[in-house]
Amino acid sequence: MRISCLSLLSFLFLASTVGAAEIRDANRLLRVSNVASQFESMTLLQTRNIIRTYSSIVAMSADLELPQWIKIEIAHCYERAFAWEKFEEGIAEIFLENFSKAEMNLLTNFYQSEGLSPTEIANFKAAIAKGVRIQQLTADYIFANSEGCAEHDIDLILSFLADPQLKPENTLAVE
């Protein structure tokens, strides 16, 4: 019985070491492919579009400008709700589940050197072909694991519109 327990412990240690190496590979691929920066840029762009939409709705329906402090509060909510750190681990797991170790190494090497051996072109194309599925899985993961800010935004805007002391000179937006 002592041998089987020792074997089990050795297996568990080896499995955790292999898992740690694989997660390091996935995290390295995330880092060299600059996914975090792209994620943050897309979050900022989406936030600006959302604020622009809210501003248009308020302007058209209430003939008022959305105050800058509300725009800032909305932006802060999205910044908190969609902080990269909240999604990085899950996206690395998606990489692990969908790319082989060889594919992750191939993609990492490509991003680091911006080059590719001609013998690896077919493997590279196969790895890239997984992109659409990984994008969908990532979007689903973000949706399932994000708080969102819509309810917060609506409450904030409706409170502003319900304010009986609302005066147009106090609601001019500073862009």
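Local charge for N27 was computed over the other residues whose Cβ lies under 14 Å away, with Lys and Arg +1 and Asp and Glu -1, and equals -2. With K and R counted +1 and D and E -1, the other residues having a Cβ less than 11 Å from that of L156 yield a net charge of -3. Shape of region 27-161 from the C-alpha gyration tensor: prolate (a/c of 1.5 or more and a/b above b/c, with a ≥ b ≥ c the square roots of its eigenvalues). Using the Karplus relation 6.51 cos²θ - 1.76 cosθ + 1.60 with θ = phi - 60°, the per-residue 3J(HN,Hα) values for region 123-139 come to 5, 5, 4, 5, 5, 5, 4, 7, x, 5, 5, 5, 4, 5, 4, 5, 4 Hz, with x marking Gly and Pro.
Computed over neighbours whose Cβ is under 14 Å from that of E73, the net charge equals -2, Lys and Arg +1, Asp and Glu -1. Karplus-derived 3J(HN,Hα) values for region 143-150, using 6.51 cos²θ - 1.76 cosθ + 1.60 with θ = phi - 60°, are 4, 6, 10, 10, 6, x, 9, 4 Hz; glycine and proline are entered as x.
Since every read-out is calculated from the coordinates, none of them should be taken as a lab result. Quick caveat, the model's predicted, so the values are computed rather than measured. For neighbour counting, all protein chains shown are included, and Cβ atoms are generated from backbone atoms with ideal geometry for every residue, glycine included.
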